[in-house]
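Student: After the structure tokens below, expect a handful of questions from me.
The values are calculated or read from the model by the stated rules, or taken from the named source; none is laboratory data. All of these numbers come straight from a predicted model, not from anything done at the bench. For neighbour counting, all protein chains shown are included, and Cβ atoms are generated from backbone atoms with ideal geometry for every residue, glycine included. The accessibility values were calculated without ligands, DNA or RNA, using every heavy atom of the protein model including side chains. Shrake-Rupley method; radii C 1.70, N 1.55, O 1.52, S 1.80 Å.
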Amino acid sequence: MKLCCIRNNRSKYMRKIKSFLRQGIVLGLAAIVFCFSASAQKAEPQLKKAIDITVVSDTEIETQDFSLMADKTAGSIILKDKRTGACWYSNPTDGDLQTNMKGINKMQMESQLIVNYLINGKTSKQATSFASSTEKEGIMLSVDSNGIKITYNFISEKFEIPVLYSLDEYGLVASVLSNEIVESGENEITEISLLPYFGASGVNDKGYFLVPDGSGSLINFNNGKTGSSYQQKIYDTDGLMNSDTNIVKVEIAKLPVFGIEKNGCTLLSVIQTGASSCKLMSYVSGTNGNYNYIYPQFTYRQSAAYKMLSKTWYPIEINFVSPLSVKENFTVRYSPVVKKYGGYSDMADCYRNMLDIKDAMGNKSIDNVPLYLDLYGSAKVSDNILGFPVMVNRSLTSFDDAENLLYQLLNNGVDSMKVRYLGTSSMGITNIKVPTSFEPTSAMGGIKGFNKLVEFADKNNIEIYPDNDFIFFRKPTFSLIKQMDATKDVCNKIGSFYQYETSNGKVKYNSVNRYALQPAKVECAADKYLKSYAKLNNKYISMSTLGSFIYSDFGNEICLSNSTAEKFTGILQNYNENNFNIMLEAPNAYALPYADSVIAAPTSSSCFDLEDETVPFYQMIMHGSVSYSVPSVNLSDSDVEVLKAIETGSGLMYSLSNADYSVLCYDDYDKLYSVTANNWIDEISENYLKVKQALSSVTDKLMVFHENVSSGVSRTVYENGVEIFVNYNDFSVDLSGTKLEAKSYLIKQGESK
Amino acid sequence: MLTVGSVINGIDAGSGSWNSPQDICVANDLIYISDKDNNRIVVLSLDYKVVRIITTVYDNGNESLLSSPMGLAADKDYLYVADSGNARVLMLDAQNNVVLKLEKPDNALFDQNRVFQPQKVLRDKNGYFYVLSFGTYEGALLYNPDGTFLSFFGANRVTVTLSLLIEKSWQKILNKTQLSKVAKNIPQEYSSFDMDVNGFIFTCANTSTESVAQIKKLNPNGSNVWSSNINYGDNVSEWSGGTLVVSRFTDISTDDMGLVTAVDAQRGHIFQYSAQDGRILSVTANNGIQQGTFGNLAAVDCYGGNVYVLDSMKGNLTVFNPTEYGILVRNALNLFNDGQYDASYDTWKEVLKKNGNMQIAYSGIGKALVGKGEYTDAMKYFKLANDADGYSTAFEAERKIFLRENFFWILPTAVILILLFLITGAIERKRKVDYATKRYNKWKYPFYIMMHPSNGFNDLHWTKRGSFTVASVIISLWLLSSVIKKQLSAFMFNANYSSKVDMNVWTQLLAMISLVLVFVVINWAVCTLFEGKGKIKDIYIYASYSILPVVVSNFLCLGLSYVLSLGESDLINILRVVFFLWAAILLLRGLSILHEYSIKQVILSIIATVFGMAIVIFLLLLVVSLFNKVASFIVSIINEIVLHSQQ
């Protein structure tokens, strides 16, 4: 605390001095970067088919499939799907329910934008486009072949937010033009909610919302859970905004999507740009009036409260606002989906087409369901030599041990394996420094041992992915002190990642914190590592955190989370171009196209109170294009992970250490309570064969339909017509004549639906 | 050990939403829920569909409405309802007829000014009723089977604290009016209870202050069988606004498989204990906004292996199923508690496969191995379990075998050694007279002093042969032996085995060295005042020489720890005390000779020295803490300046 604050102070002045010196260089660099990014941006749209937009009138545009009408005075829009005739309204239009809405709820319902702003950087307030713009005649509308541009002028709050509503092959594209936002006066915009009531459903409508929580989850309309709401940040909250209490074990929203299934009409919404600053919000009827609604809220400017202890022991909060606002547009694509199978399966189909993973993966075929293994290489454990406390590196699974282990599994019939090897360097499984080269310890067997293992693996259809964490560290790699390597949060203090007590979720007292490396240095480390690793003849590498974790850095050079994501995808691309097969742990959407294998894809949602059903939406996107596994079976709390694998078409995953757990039990490795390899070999092979048998006919097929037939019974259908039923219940169920035993599955090679 | 099975709210069940439900009782394949603010009891089937709803009962044919029903209990024929709004406990049959009514006792034992607001109810095998009423700290109200009040049962006791004692003394001074203004210390009242098949009553307390013995196992006499100085709640110290946040148990339930489940409304935790000894087995769930997390845990009941948990804030019921691991632990534990260690061996192995952190599993395997006679392996497991008693048992058995097998050479060796010792002793004694004067060896001399304090120190004093080097070597040996003893003593005598790795030798050495230095300096200062003759160097040498018995005892105890079992540990303790006293006597004698004091003077000087040391240490600590305060003050000022300048 003490150190970092003093440093902050100093760096603030140093920054000013340095900035003069830097300006020249920065300008030059900026020009180059700009050229690159411009060319990159240009390259992107070329993939999409150009769509001709016809201007029908001064408030209406259309394409072949869709038409879009705007209201000049209200600022509202209507999207019509010409293929089906279905209409989607930005604000509810059904008389009765609407008139019952009162006060703030009515204002929000009539609005296209809800804006949170800070006055003088202190007081937080909310403004709605209806009250501040529509009612005060602040709406400006212009139409051209790009689309309908509506500028919402918030008269009394003194800011203007332009939104471009356009059409493309999939439907409506609504885009908050961040660069054209005008603020004057002391008000600073912090969050912008876009089209909060788009596709809102009243108390009489039937259907559900799809939310990307974990594997995916459904919120049924009018489910009566009025006491709770759904609020989830896409790709998780900014890593540096971590709180002092963290008790809840939640799954992360990996995909920037949400969907609405309303009376048989399906709408898929995808956050095209600005996903990393987006939070999804949803409420059911009864909470804020008569409507169920879901919308994205974008963070335009990050702010955070810094807690200082006061005399009374209660903390006082001081607000900090980011000096830099997000410069990328907030774009959401609302795509009406033509009914094929119904519901979220169609949404998955539509999203899969948009993502086009198969293309990015170069049509690599998947011909089996591999077994995923986590092997723990070595760990730092505390020891005591005659009263002198020391940390020693202890090998848990040396390369020889690994070969032995894999050999046993091979003999038991496990014929395809993907191994993620953790902690091969002297840093152990807790990343003490960020790696810049591949350096297995001699106790592990060194480079020689590794090569021998790889040779063995190549012969036996096994892939060895040494794991690297380029983000988290405890001791600095590039600089002398961690303050120079670590990222800073909005309050300009070093962002540390705490460990939390399991019992009350408070920050662990006296624990060693982790820090996140500055994104630019992550790039640097990954580059260096690539040079070292490329000398070996193993073409597999795992980067566990790189695809699933993003953060902003408010240090000397501010890097917001969207640029961080860009940098990280750059790294992944670089490895891909060097012909490396990358394994990622449950990657976010932006990293998904670079993953060759996905380890530990979540099979469940966070099960928030508001949610009603868990669905494998994430898996439906990946199946047939990317190979993926369930979270570690032997470290999971759940007993049904094997059945889950069969339902979601995933490979199994186990975490193993050759050494007995008792080696680790005096240190901070409580989470690895059941990793002793010897205990698990038989069970692994047995379950592997079970899953292999169940999924062998569908490994490279798309998962086209999924439903939860009844409580605890699911049905998954693949493009070749194969249906897999899974029963999680303790009792057998009857499936139109066929009996499905308790805790088992059933395959129907049937006619396709 | 538990996993979320289903989450059901009133709408799912088809009864309309529940409003602040307070208690749940599962019996006869039915789930009874007291929907307090809706003044009704909802009865569900085991697949969570409404079977019936009780709002009206028939008292002798007259209709009577329920009002704020709280506690529920049920057996084969009857349902028992704490109808708190109507100040009565009802015993209902299946047709909602009132069979028996318990009301406010009109008995001198029950303070008539107090309200009767029944919270929970129980009935034992013999038909006696136990009722918990709000604000009744005397314990449970015990009713006869005919519904008449009998007495109180099993009161919680007031914990004796310093403030309580002070208050007691006030009570003797103050008059009645003054006393009435002083807050009374009353024992914690029970928040809930449950009875197991053997007739033991388990109670829990919803208290915001106590963090020991929140849970009790009362035998039929009303006394606690479980340890009453253990914290049964969360083992963390979390402070909020200057007060400690402790677990608040709102309900407790037993099952017929040897587990006790209690729920904590503070953090939304579900605790499971072994009914036998209160050993904590698992903690599940927490407060939160997910399914399987809670807003305000109100009640729990166990039935058919599942745990039914009621949340009064969310108004829902969460059913937890045991995991495979949970079932294994339960089975193993039952065998273990029955003393069937052999049979539990395989189950414990399975448990360890799933959770390498389970201490009792290592202990269980150890006991099974003792039964099989595999003592060496058993010792290994006991060590992992940190179970000194078990280790000692295995060690004793192992030692017996060793002695039996090697008796033929151990006995002659021992005899020879003893003889040798006696002979050398005799020779030494013969030499005794001239040893001190003629054949002086400065390394052997401390040992001579040890055996002959008066002669030795006298000689030392007059001949001035005290060696600084020898003294320092003795001190170093003392430091070394202390550390070695801590590190290398056999497992059973090394209570802090698991924290051994955390031991920091530097702080230990620093403490010991400063102790010696402070003693020497203060003693010198004190004795200079009282005309002592000793110089600072001499005091150091004399004190060091006197410490020698402690060094010897350290090494001796270290050796003995490998030979003795835990039952014989008294020998080590006695030895330690004897050698310590020996050292003390040496010190007294040495200082009295050095300073030329009488024995009375030397004792006084030592007392003064200890007093002086206390003052010095106190001052040092004061300075350190003052420095800390100033430092943190400066840091927070800098913090504030930095933060404000950035705004």
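Student: Is there any pair with a first residue in region A:733-750 that is without any contact (Cβ under 8 Å) to a residue 40 or more places away in the chain and under 15 Å from residue A:647 (Cα atoms) and a second that is among the acidic types (Asp, Glu) and not in a loop (DSSP other than H, G, I, E, B) whose Cβ atoms are under 6 Å apart and which are 6 or more apart or on different chains, and what are they?
Tutor: A:748/A:723
Student: Exactly one of (1) within 23 Å of residue A:127 (Cα to Cα); (2) in contact with an Asp or Glu (Cβ under 6 Å, 6 or more places away or on another chain); (3) open to solvent by less than 50 Å² (accessible area, probe 1.4 Å) is unmet by residue A:182. Its number?
Tutor: If we test residue A:182 against (1) within 23 Å of residue A:127 (Cα to Cα); (2) in contact with an Asp or Glu (Cβ under 6 Å, 6 or more places away or on another chain); (3) open to solvent by less than 50 Å² (accessible area, probe 1.4 Å), just (3) comes out false.
Student: Can you report the number of residues in region A:532-547 which are at pLDDT 90 or above and either touching a Ser or Thr at 6+ places or on another chain (Cβ under 8 Å) or under 16 Å from residue A:497 (Cβ atoms) (or both)?
Tutor: 3
Student: Of the numbered conditions (1) open to solvent by less than 70 Å² (accessible area, probe 1.4 Å); (2) without any contact (Cβ under 8 Å) to a residue 40 or more places away in the chain, residue B:571 fails exactly one; give the number of that condition.
Tutor: Tallying (1) open to solvent by less than 70 Å² (accessible area, probe 1.4 Å); (2) without any contact (Cβ under 8 Å) to a residue 40 or more places away in the chain, residue B:571 fails exactly one: (1).
Student: Only one of A:228, A:193, A:215 is within 29 Å of residue A:586 (Cα to Cα) and not in a loop (DSSP other than H, G, I, E, B); which?
Tutor: Sole residue among the options that is within 29 Å of residue A:586 (Cα to Cα) and not in a loop (DSSP other than H, G, I, E, B): A:193.
Student: For residue B:286, all conditions in the list (1) touching a Leu at 6+ places or on another chain (Cβ under 9 Å); (2) polar (S, T, N, Q); (3) more than 24 Å from residue B:119 (Cα to Cα) hold save one; what is the number of the exception?
Tutor: (1)
Student: Report, by residue number, each residue of region A:535-562 that is open to solvent by less than 50 Å² (accessible area, probe 1.4 Å) and either in contact with a Lys or Arg (Cβ under 7 Å, 6 or more places away or on another chain) or small (Gly, Ala, Ser) (or both).
Tutor: Going through region A:535-562, the residues open to solvent by less than 50 Å² (accessible area, probe 1.4 Å) turn out to be A:536, A:538, A:540-555, A:559-562.
Scanning region A:535-562 gives A:542, A:544, A:547, A:548, A:552, A:553, A:554, A:555, A:561.
Student: Can you give me the ranges of the strands (runs of 3 or more DSSP E) entirely in region A:531-613 with at least 2 residues that are of a type outside the set (A, V, I, L, M) and closer than 22 Å to residue A:464 by Cβ? Talk me through it step by step, then tell me what you get.
Tutor: Details: elements: A:540-542, A:581-585, A:597-599.
Passing ranges, in order: A:540-542, A:581-585.
Student: Do the conditions hold for residue B:300, that is, is it part of a strand (DSSP E or B), within 12 Å of another protein chain (Cβ to nearest Cβ) and either in contact (Cβ under 8 Å) with a residue 12 or more places away in the chain or open to solvent by less than 30 Å² (accessible area, probe 1.4 Å) (or both)?
Tutor: Taking the combined requirement at face value, the residue does not satisfy it.
Student: Please go through (1) within 28 Å of the chain's Cα centre (by Cα); (2) of a type outside the set (Val, Ile, Thr); (3) under 17 Å from residue B:353 (Cα atoms); (4) more than 10 Å from chain B (Cβ to nearest Cβ) for residue A:682 and return the number of the only condition it doesn't satisfy.
Tutor: Every condition holds for residue A:682 apart from (1).
Student: Can you find even one residue in region A:510-527 that is within 30 Å of residue B:247 (Cα to Cα) and β-branched (Val, Ile, Thr)?
Tutor: The answer is yes; a qualifying residue exists.
Student: Turning to a different aspect of this structure: Residues in region A:688-711: is at least one within 14 Å of chain B (Cβ to nearest Cβ) and more than 31 Å from the chain's Cα centre (by Cα)?
Tutor: no
Student: List the strands (runs of 3 or more DSSP E) inside region A:82-189, counting only whole elements, that have at least 1 residues being aliphatic (A, V, I, L, M).
Tutor: Here the list reads A:113-119, A:123-128, A:139-144, A:147-154, A:159-168, A:171-176.
Student: Next question. If you scan region A:221-235, which residues turn out to be more than 11 Å from chain B (Cβ to nearest Cβ) and basic (Lys, Arg)?
Tutor: Hit for region A:221-235 is A:233, nothing else.
Student: Tell me whether region B:166-187 contains one or more residues that are modelled with pLDDT of 90 or more, part of a loop (DSSP other than H, G, I, E, B), open to solvent by 30 Å² or more (accessible area, probe 1.4 Å) and in the same structural domain as residue B:70 (by TED's automatic domain parsing).
Tutor: Scanning region B:166-187 turns up no residue that is modelled with pLDDT of 90 or more, part of a loop (DSSP other than H, G, I, E, B), open to solvent by 30 Å² or more (accessible area, probe 1.4 Å) and in the same structural domain as residue B:70 (by TED's automatic domain parsing).
Student: Pull up region B:225-236, narrow it to residues that are more than 9 Å from every other protein chain (Cβ to nearest Cβ) and either assigned to a strand (DSSP E or B) or of a type outside the set (Val, Ile, Thr) (or both), then point me to the one that is surrounded by the fewest Cβ atoms within 10 Å (Cβ to Cβ).
Tutor: So the residue we want is B:229.
Student: Which of the residues that make up region A:608-652 are within 17 Å of residue A:714 (Cα to Cα), among the acidic types (Asp, Glu) and either more than 12 Å from chain B (Cβ to nearest Cβ) or free of Cβ contacts under 8 Å to residues at least 12 places away in the same chain (or both)?
Tutor: A:639, A:647
Student: Can I ask one more? Does residue B:323 fit the bill of being open to solvent by less than 30 Å² (accessible area, probe 1.4 Å), among the hydroxyl-bearing types (Ser, Thr, Tyr) and touching a strand residue (DSSP E or B) at 6+ places or on another chain (Cβ under 7 Å)?
Tutor: yes
Student: Another question, if that's okay. Can you go through B:319, B:307 and tell me which one is within 14 Å of chain A (Cβ to nearest Cβ) and either closer than 24 Å to residue A:502 by Cα or of a type in the set (Asp, Glu) (or both)?
Tutor: Exactly one of B:319, B:307 is within 14 Å of chain A (Cβ to nearest Cβ) and either closer than 24 Å to residue A:502 by Cα or of a type in the set (Asp, Glu) (or both), namely B:319.
Student: Pick from region A:76-135 the residues that are hydrophobic (A, V, I, L, M, F, W, C), open to solvent by 20 Å² or more (accessible area, probe 1.4 Å) and in contact with an Asp or Glu (Cβ under 7 Å, 6 or more places away or on another chain): which of them is farthest from residue A:66 (Cα to Cα)?
Tutor: A:119
Student: Looking only at residues that are more than 30 Å from the chain's Cα centre (by Cα) and within 18 Å of residue A:642 (Cβ to Cβ) in region A:712-731, which one is modelled with the highest pLDDT?
Tutor: Checking each candidate, the answer is A:729.
Student: Kindly indicate which of B:466, B:366, B:425, B:456 is over 30 Å from residue B:547 (Cβ atoms) and either out of contact with any Cys (no Cβ under 9 Å at 6 or more places or on another chain) or within 14 Å of chain A (Cβ to nearest Cβ) (or both).
Tutor: Details: B:466 fails: over 30 Å from residue B:547 (Cβ atoms); B:425 fails: over 30 Å from residue B:547 (Cβ atoms); B:456 fails: over 30 Å from residue B:547 (Cβ atoms).
Exactly one residue qualifies, and that residue is B:366.
Student: Might you check whether a residue that is surrounded by 13 or more Cβ atoms within 10 Å (Cβ to Cβ), over 30 Å from residue B:611 (Cβ atoms) and within 14 Å of another protein chain (Cβ to nearest Cβ) occurs anywhere in region B:546-567?
Tutor: The answer is yes; a qualifying residue exists.
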